[in-house]
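Trainee: Encoded as structure tokens, here's the structure I'll be asking about.
The values are calculated or read from the model by the stated rules, or taken from the named source; none is laboratory data. Computed from a predicted model, the values in this text were never measured in an experiment. All Cβ positions, even for glycine, are placed from backbone atoms using ideal geometry, and neighbour counts span all protein chains on display. The area values use the complete protein model at the heavy-atom level, side chains included, leaving out ligands, DNA and RNA. Shrake-Rupley method; radii C 1.70, N 1.55, O 1.52, S 1.80 Å.
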Amino acid sequence: PASVAEISEQTIRAFNLAERLRTPVIVLYDETIGHLVETVDIPAAEDIEIWDRKWATGKKEGFLPFQPDDDKIPPMARPGDGFRVHTTGLTHAENGFPTQDPETVTRVMTRLLTKFDHHRDIVDSYELMDVDDADIVIVTYGISARAARRAVTDARAKGLKVGLFRPITMWPFPEDALVEITKNAKTVLVPEMNAGQLVFEIERLLGRDKVKGVNRIDGEPITPTDILTAVQEVC
């Protein structure tokens, strides 16, 4: 999230994704966002779209609690509905019971690792600003993205073709969108308030020659001036 309002919005979205995809979801926001005081419009409860989980139905005998449908998501047995369920923290088969059979473990783990690939249309989320003709694309998140928005506006005022790609979902990372949007850019800048984390993911996708980190590790937030200075150095 890059605002207090977005913390609220993304928390609702996180619960919806957790329900639909049967997965843990973590909402991350940086310390500066956590200390902001901003107005949030809370929608009426009836206006909030809620995604319910997929419940098991049908025959109870022989029910496999971790047998996925074509969407790679197994229906969940509602407590009290009469479906037999076994849950363990160990590697297990579709019946829920522990197993160390390599073929079974590979099959089940592969499903867990690839199920998001079937749902990227609802998982991937990002914000774009002035990227259509950008020679330089800034990729950043959280409070640094707010500084980047101002830096883009100031750079455009100076006649520099700069845009912003702000990933909202950090994992799975919106890879296809980033690759497509930056294909004509000469440089990708990655501002971070650390010694470099996101930059390595961007380098993996785009190559090291095209990517430049903009790091600040003195405890102060990255400013629009910091980012604009990096833009002007590249130019």
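Trainee: Evaluate the stretch 156-170: report whether one residue or more is over 29 Å from LEU36 (Cβ atoms), of a type in the set (Val, Ile, Thr) and surrounded by 17 or more Cβ atoms within 10 Å (Cβ to Cβ).
Mentor: No: zero hits.
Trainee: If you check ILE26, ILE33, which single one turns out to be among the β-branched types (Val, Ile, Thr) and without any contact (Cβ under 8 Å) to a residue 60 or more places away in the chain?
Mentor: The conditions single out ILE26.
Trainee: Follow-up question, since we're still on this one. Here is a check on your reading of the model: is GLU203 open to solvent by less than 50 Å² (accessible area, probe 1.4 Å), within 26 Å of VAL37 (Cβ to Cβ) and among the acidic types (Asp, Glu)?
Mentor: No; evaluated as a whole, the condition is false for this residue.
Matching residues to (1) under 26 Å from VAL27 (Cα atoms); (2) touching a Phe, Trp or Tyr at 6+ places or on another chain (Cβ under 8 Å); (3) of a type in the set (Phe, Trp, Tyr); (4) open to solvent by 40 Å² or more (accessible area, probe 1.4 Å):
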site: GLY80; (1), (2), (3), (4): no, no, no, yes
site: THR99; (1), (2), (3), (4): no, no, no, no
site: GLU103; (1), (2), (3), (4): no, no, no, yes
site: ARG107; (1), (2), (3), (4): no, no, no, yes
site: THR114; (1), (2), (3), (4): yes, no, no, yes
site: SER125; (1), (2), (3), (4): yes, no, no, no
site: LEU128; (1), (2), (3), (4): yes, yes, no, yes
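Trainee: From the list VAL179, VAL231, VAL188, exactly one residue is modelled with pLDDT of 95 or more, touching a helix residue (DSSP H, G or I) at 6+ places or on another chain (Cβ under 7 Å), over 19 Å from GLU31 (Cβ atoms) and open to solvent by 40 Å² or more (accessible area, probe 1.4 Å). Which is it?
Mentor: VAL179
Trainee: Test ILE217 against the stated conditions and say whether it is in contact (Cβ under 8 Å) with a residue 24 or more places away in the chain, of a type in the set (Val, Ile, Thr), in a loop (DSSP other than H, G, I, E, B) and surrounded by fewer than 16 Cβ atoms within 10 Å (Cβ to Cβ).
Mentor: yes
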